[in-house]
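Input: a single structure, listed below in structure tokens.
The values are calculated or read from the model by the stated rules, or taken from the named source; none is laboratory data. Quick caveat: nothing in here was measured; it's all calculated off a predicted structure. Virtual Cβ from ideal backbone geometry, glycine too; neighbours counted across all protein chains shown.
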Amino acid sequence: MTETEFEQSFQKATKLLFIKTIDYSKEPPVIAIIFSNDIDGIESYKFLQNEFTKDEISIVFRPTENEKMNLSIIDNKNSKVFNIYDLNYSKSELNDFRQNGEFGKYCVFCVSQIIDNQLILSSVVKEKPLMISGLVFSE
């Protein structure tokens, strides 16, 4: 998969959700990238699952002036960067995630969709969630 194919697939996402954890020993925090149809992002997600270990990927989150979020997924193994632009997100949810969630070494990054106001994880995520070791939040 090329960088362009990856970015085009993930650029179909509509928003990011930040789900904190209260007890890291029971579950890690979750960052969900939301699609209208989770099939849109699944090929890129499988690429991340199959090509990298949890310590070979980092994600950088950069809020924009127009209240959107840009993110860069960094392939630490091959020094590649995949960029996704202008995703919706909740600033208060992000602040709560960062300030009140419990963090350990890893976070789950998942492809999801929202159906009837419920977060639905893709079956690929349920089988093998993608763990990420590096999260960077720029201001």
(Q) So, Val125, is that one buried (at least 17 other Cβ atoms within 10 Å of the Cβ) and within 15 Å of the chain's Cα centre (by Cα) or not? (A) yes
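Return the residue satisfying two criteria in turn: it lies in the stretch 7-24 and is assigned to a loop (DSSP other than H, G, I, E, B) and in contact (Cβ under 8 Å) with a residue 40 or more places away in the chain, and of such residues it is nearest to Lys80 (Cα to Cα).
For the stretch 7-24, the residue satisfying everything is Gln11.
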Q: Identify the residue in the stretch 30-43 that is touching a helix residue (DSSP H, G or I) at 6+ places or on another chain (Cβ under 9 Å) and modelled with pLDDT under 90 and, among all such residues, is surrounded by the most Cβ atoms within 10 Å (Cβ to Cβ).
A: Gly41
Q: Go through the stretch 75-84 and give me each residue that's surrounded by fewer than 19 Cβ atoms within 10 Å (Cβ to Cβ) and either of a type outside the set (Asp, Glu) or modelled with pLDDT of 95 or more (or both).
A: Asn76, Lys77, Asn78, Ser79, Lys80, Val81, Asn83
Q.
Taking the conditions exactly as written (surrounded by 14 or more Cβ atoms within 10 Å (Cβ to Cβ), at pLDDT 90 or above, under 14 Å from Ile132 (Cβ atoms) and not β-branched (Val, Ile, Thr)), does Leu87 satisfy them or not?
A. no
Q | Hits in the stretch 4-29 - residues which are touching a helix residue (DSSP H, G or I) at 6+ places or on another chain (Cβ under 9 Å) and aromatic (Phe, Trp, Tyr) | A | Phe6, Phe10, Phe18
(Q) Can you report the number of residues in the stretch 27-50 which are farther than 17 Å from Leu121 by Cβ and free of Cβ contacts under 8 Å to residues at least 12 places away in the same chain? (A) 1
